[in-house]
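Written out below as C-alpha cells is the structure these notes cover.
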Amino acid sequence: MNNPGRKAAWAGAATALAGAAAVTILLTGGTTPQDTDGGQTDRQRQVAERGQDVMPFDLEQTTHYFTPTDTGGVQDVVADQPGDTEQIALIRAHLQEEAEAFRQGDFGDPARIHGDDMPGLAELESGHDDFQVRYEEQTDGAALTYTARDPALVQALHDWFEAQLSDHGSHAEGGH
C-alpha cells in the first residue's frame, strides 16, 4: 500500500493538472468569480442593468465609441447591424435628449447609470457653461461632440470617457 512509485505518479499528475489550470487562466484572461459572465465584471453587469432604465436602445445590439480629442471628445453610439432602423431611431432620440440635458448641466442619466462619483462628472456638471455639446446624426446612429477650451474640462471629459469605457465593457470601445 505504501508504494513510493504510486505517490510519485499522483504527485506528477497533480502538478500537471495545476500547470494546465495555470495555462488556462493565462489564456482566458484569468477569469475570477467576479468575472464570469462573458468576461463582464459585477460592476459592468450592474451598469448594463441600470442602463436599461435610462437608455432606450438595446446594449446588446449597439456599441458606444469614446474618442478623446485635443479639445474634448466624440461619443458615438451605433447600431451593430447596418439598417437596424429601430435601434438607430432609439439612439438618435436618446442622444438628442442627452445633448440638451448636458448643455444645461444635467448629467443625471450618466449619474444614474455610473454613480454620482463617476470620474469627471462633477467637473462637467459645474463647468457645463464652458464647453459645447453638438449632436450629429450618422448613418448607423448618432454622435455627440464635446468641445472645451479649458484644459481641466478637457481632462474631465477624458476621465469621463475612460470611466464609461471601463463600465460598459464589451458594449463600448475606444475610437471609431
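Could you tell me the accessible area of ASP53 in Å² (1.4 Å probe, neighbours in place), rounded to the nearest ten?
My reading of the accessible area for ASP53 is about 140 Å².
Treat each spin label as a single point 7 Å out from the Cα along the C-beta direction, and report the GLN52 to GLU86 distance in nm.
About 1.5 nm separates the two model spin labels.
Say R0 is 22 Å: what FRET efficiency, to the nearest 0.05, do SER170 and THR139 get from their beta-carbon distance?
Working: r = 23 Å, r/R0 = 1.04.
Taking R0 as 22 Å, the efficiency between SER170 and THR139 is 0.45.
Using protein chains only and a probe of 1.4 angstrom, how many square angstrom of ASP76 are accessible, to the nearest 10?
10
Report the label-to-label distance for GLN104 and GLU60 in nanometres (one decimal), using points 7 Å from each Cα along the Cα→Cβ vector.
The two pseudo-label positions are separated by 3.4 nm.
List the residues whose amide H sits under 5 Å from the amide H of ASP80, counting only those 5 or more places along or on another chain, with H placed 1.01 Å from N in the peptide plane.
Here the answer is THR62, THR63, since their amide H atoms fall under 5 Å of that of ASP80.
Please give the contour-minus-distance gain from ALA93 to ASP42: 0.36 nm per residue of separation, less the Cα-Cα distance, rounded to one decimal in nm. Could you put the intermediate results ahead of the total?
Details: separation 51, 0.36 × 51 = 18.36 nm, distance 2.89 nm.
In short, 15.5 nm is gained.
The values are calculated or read from the model by the stated rules, or taken from the named source; none is laboratory data. Because the structure is predicted, anything quoted here is derived from the model rather than measured. Quick reminder, even Gly has a Cβ in these numbers, built from the backbone with ideal geometry, and neighbours come from all protein chains shown. Accessible surface is based on the protein model in full, side chains and every heavy atom, while ligands, DNA and RNA are left aside. Shrake-Rupley method; radii C 1.70, N 1.55, O 1.52, S 1.80 Å.
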